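Read-outs: derived from the displayed coordinates by stated rules, not from any lab. The model shown is predicted, which means the values in this text are computed figures rather than measured ones.
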Amino acid sequence: MGHRPPRTSATLDRLRELCLSLPGTTEKASWGHPNFCVAGKIFASYGEYDGRLNVGFKTSKEHQAELVRDARYFVAPYVGKHGWVCQLVEPAFPWRELEAHVLDSYRRIAPKSLLADLDRASSAPEPPKRAPRRSKKA
């Protein structure tokens, strides 16, 4: 069976929003699916393999070995030898877990200058919250 162009989904929309919010990122279609890059290198991909939608990301070989013990993960075809893992995303999956993997992958691949931008942005204070409106008393 192998690779085929993935179906679009809310997961892809959410992944795209996450990836493209990171400093210096771009989206590039290659090998029949969307890939998210930083400094010209892929850090996350969205695809369908053997009929299963998944998101691919890079991790350490040690973490890869831990993750693939769980049936929701598998060693990424072709690039698994470099620490890449795919996480199944359908029908339901823990988004925060995937988000953490994608951010870790970005950190493994992004240049230090972009990591500094990311760290500055994440440590910036949040804008003040609006005070709740008071209801008018009759």
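Cα extents for the stretch 3-114 along the principal axes, largest to smallest and rounded to whole angstrom: 36, 31, 26. Taking amide hydrogens as placed 1.01 Å from N in the peptide plane, the amide H of THR59 sits under 5 Å from those of TRP84, VAL85, each at least 5 positions away in sequence or on another chain. Stokes-Einstein, applied to the Kirkwood radius of the stretch 80-123 over Cα pairs at a viscosity of 0.692 mPa s and 37 °C, places its translational diffusion at 270 µm² s⁻¹. Taking amide H atoms as placed 1.01 Å from N in the peptide plane, the amide H of LEU53 lies under 5 Å from those of VAL89, GLU90, each 5 or more residues away in sequence or on another chain.
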